[in-house]
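Only one structure is covered here, and it is reproduced in the block below.
The values are calculated or read from the model by the stated rules, or taken from the named source; none is laboratory data. Here the structure is a predicted model, which means the values were calculated and not measured. All Cβ positions, glycine included, derive from the backbone under ideal geometry; neighbour counts span all protein chains shown.
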Amino acid sequence: MDGIGVLTTCPMFNYLEVELKKHFKFFKLWRYPSMAEFLGENVDSVQAVVGNTKIGADTVLIGSLPRLRIVASYSMGLDKIDMRKCEEREIRVTNSPDTLTDDVANKTYDWAYFGGD
C-alpha cells in the first residue's frame with residue numbers, strides 16, 4: 001500500500017485507529033519486535049508520529065524518519081517529544097491542550113460544594 005504512513009508509538013482509542021486507517025498507512029510500533037525491524041521495512045513512508053505523554057517522539061525516533069513532517073500527541077503534554085529536534089528539522093508538533101480544563105474545574109467546584117477542602 002502506497003501513501004502517507006502514520007506511526008503510533010502506543011495503543012490509542014479504537015475510534016482514533018479506525019479513522020487513521022481510513023486515510024493513511026497505519027503502523028503500531030509496539031507490534032514490531034524492534035525499532036530496527038520497523039525502520040527497515042517502513043522508514044520511507046512514515047510522515048507522522050502519534051503518541052501521548054508516556055511515549056512520544058525522542059531524538060532517535062525523529063532522527064530515524066527522514067520524511068517526518070508532524071508529531072502529534074493526543075494528550076496535553078509535550079514532555080515526551082524532543083521539541084528542539086523538531087524545531088531543527090522544521091517538523092510541526094501538535095497536542096490537545098485544555099482537554100481537561102472544564103472537567104477539572106467542575107470537579108473542584110463539586111468538591112467545594114459538598115464540603116470538601
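The table below gives the values:
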{"quantity": "Residues of segment 25-49 satisfying the condition of being without any contact (Cβ under 8 Å) to a residue 40 or more places away in the chain and under 15 Å from the mean Cα position of the chain (by Cα)", "calculated": "F26, F27, K28, L29, W30"}
{"quantity": "Residue count for segment 1-22, restricted to those that are over 25 Å from G40 (Cβ atoms), surrounded by fewer than 11 Cβ atoms within 10 Å (Cβ to Cβ) and not hydroxyl-bearing (S, T, Y)", "calculated": "4"}
{"quantity": "Positions within segment 1-33 being of a type in the set (G, A, S) and at pLDDT 90 or above, in sequence order", "calculated": "G5"}
{"quantity": "Per-region count, segment 66-88, residues modelled with pLDDT of 90 or more, buried (at least 20 other Cβ atoms within 10 Å of the Cβ) and touching a Gly at 6+ places or on another chain (Cβ under 9 Å)", "calculated": "1"}
{"quantity": "Residue count for segment 3-24, restricted to those that are of a type in the set (F, W, Y) and either free of Cβ contacts under 8 Å to residues at least 12 places away in the same chain or closer than 16 Å to Y74 by Cα (or both)", "calculated": "2"}
{"quantity": "Matching residues in segment 48-59 - criterion: being over 14 Å from T94 (Cα atoms) and either at pLDDT 90 or above or surrounded by 14 or more Cβ atoms within 10 Å (Cβ to Cβ) (or both)", "calculated": "I55, D58, T59"}
